[in-house]
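J.: Before I ask anything, let me first share the structure, which is written out below as structure tokens.
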Amino acid sequence: MSGSTSQMRSASCRCGRVGFEASGVPIVTAACHCSSCQKAGKIFEDLPGGTPVLESDGGTVFALYRKDRVRCVRGAELLREHRLSPAAPTRRVVAACCNAPMFLEFKGGHWLSVYRERIQPDDRPPLEMRTMTADRRPGVEFADGLPSYAKHSGRFMWRLLSAWAAMGFRAPKLDYVQGELDVQGS
């Protein structure tokens, strides 16, 4: 893929009522193995109608996009946030219509981590690296040659910083996520 911003990818929830468009190439496509992503993945899988979020090795694959290159094209009123704790700096956003996780947002961040599974199958960007593998499940070993980092690598952080610089060091705010996800029954 080229660095062109003309490339457009579509993402949607499982039932299709919520849709996003992302332009350009992702900042990076990574599998996160942190304990928070594993915990959230289990919560989402246990929701009514939930499906697996975690890969067989316990990782959650995200395509990270600049916030200014992602827009909700339908179903914003169905988006709900979930935080692992009230003070958590991250919120995971789920389409309440079918309990499909859509993206993760870091407080003050300039990017959205879109769950790669939400991107149309023929257009999913390839996995580039694994991060936070120090938290991976016991017994999980990687033998495929994909770069795997115990924490966030310099390469990962450089790509985030470069994207932020290209945005003029802005961090757009999302105003279309309303309400919290009800996980009481899970």
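J.: Given the residues ARG92, ARG170, ARG159, which is the only one that is among the basic types (Lys, Arg), at pLDDT 95 or above and in contact with a Lys or Arg (Cβ under 8 Å, 6 or more places away or on another chain)?
T.: ARG92
Per-residue answers, yes or no, for (1) without any contact (Cβ under 8 Å) to a residue 40 or more places away in the chain; (2) among the aliphatic types (A, V, I, L, M):
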site	(1), (2)
ILE119	no, yes
PRO125	no, no
THR133	no, no
GLY145	yes, no
SER148	yes, no
PHE156	no, no
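Here is a yes/no grid of residues against (1) more than 28 Å from ASP182 (Cα to Cα); (2) without any contact (Cβ under 8 Å) to a residue 60 or more places away in the chain:
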{"position": "PHE62", "(1), (2)": "no, yes"}
{"position": "ARG91", "(1), (2)": "no, no"}
{"position": "PHE106", "(1), (2)": "no, yes"}
{"position": "ASP122", "(1), (2)": "yes, yes"}
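J.: Could I ask something else about it? Go through (1) in a helix (DSSP H, G or I); (2) of a type in the set (Gly, Ala, Ser); (3) open to solvent by 30 Å² or more (accessible area, probe 1.4 Å); (4) touching a residue at least 60 places away in the same chain (Cβ under 8 Å) for ALA163 and report which single condition fails.
T.: (3)
J.: On to the next question. Inspect region 95-110 for any residue being surrounded by 16 or more Cβ atoms within 10 Å (Cβ to Cβ), at pLDDT 95 or above, of a type in the set (D, E, K, R) and in contact with a His (Cβ under 6 Å, 6 or more places away or on another chain) and give the result as yes or no.
T.: The answer is no, given that none of the residues of region 95-110 is surrounded by 16 or more Cβ atoms within 10 Å (Cβ to Cβ), at pLDDT 95 or above, of a type in the set (D, E, K, R) and in contact with a His (Cβ under 6 Å, 6 or more places away or on another chain).
Results for (1) farther than 17 Å from ALA100 by Cβ; (2) open to solvent by 30 Å² or more (accessible area, probe 1.4 Å); (3) assigned to a helix (DSSP H, G or I), shown as yes or no for each residue.
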{"residue": "ARG14", "(1), (2), (3)": "no, yes, no"}
{"residue": "ALA31", "(1), (2), (3)": "yes, no, no"}
{"residue": "SER36", "(1), (2), (3)": "yes, yes, yes"}
{"residue": "LYS39", "(1), (2), (3)": "yes, yes, yes"}
{"residue": "VAL53", "(1), (2), (3)": "no, no, no"}
{"residue": "ALA63", "(1), (2), (3)": "no, no, no"}
{"residue": "VAL73", "(1), (2), (3)": "no, yes, no"}
{"residue": "ARG80", "(1), (2), (3)": "no, yes, no"}
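J.: Just name the residue that is surrounded by the most Cβ atoms within 10 Å (Cβ to Cβ) out of those in region 1-12 that are at pLDDT 95 or above and small (Gly, Ala, Ser).
T.: Per the criteria, the residue is ALA11.
J.: Another question, then. Taking into account only those residues within region 139-158 that are in a helix (DSSP H, G or I) and under 18 Å from CYS34 (Cβ atoms), which is least open to solvent (accessible area, probe 1.4 Å)?
T.: PHE156
The values are calculated or read from the model by the stated rules, or taken from the named source; none is laboratory data. All values reported here derive from a predicted model rather than from experimental measurement. Cβ sites come from the backbone with ideal geometry, for glycine too, and all protein chains shown count toward neighbours. Just so you know, the surface numbers come from the protein's heavy atoms only, side chains and all, with ligands and any DNA or RNA stripped out. Shrake-Rupley method; radii C 1.70, N 1.55, O 1.52, S 1.80 Å.
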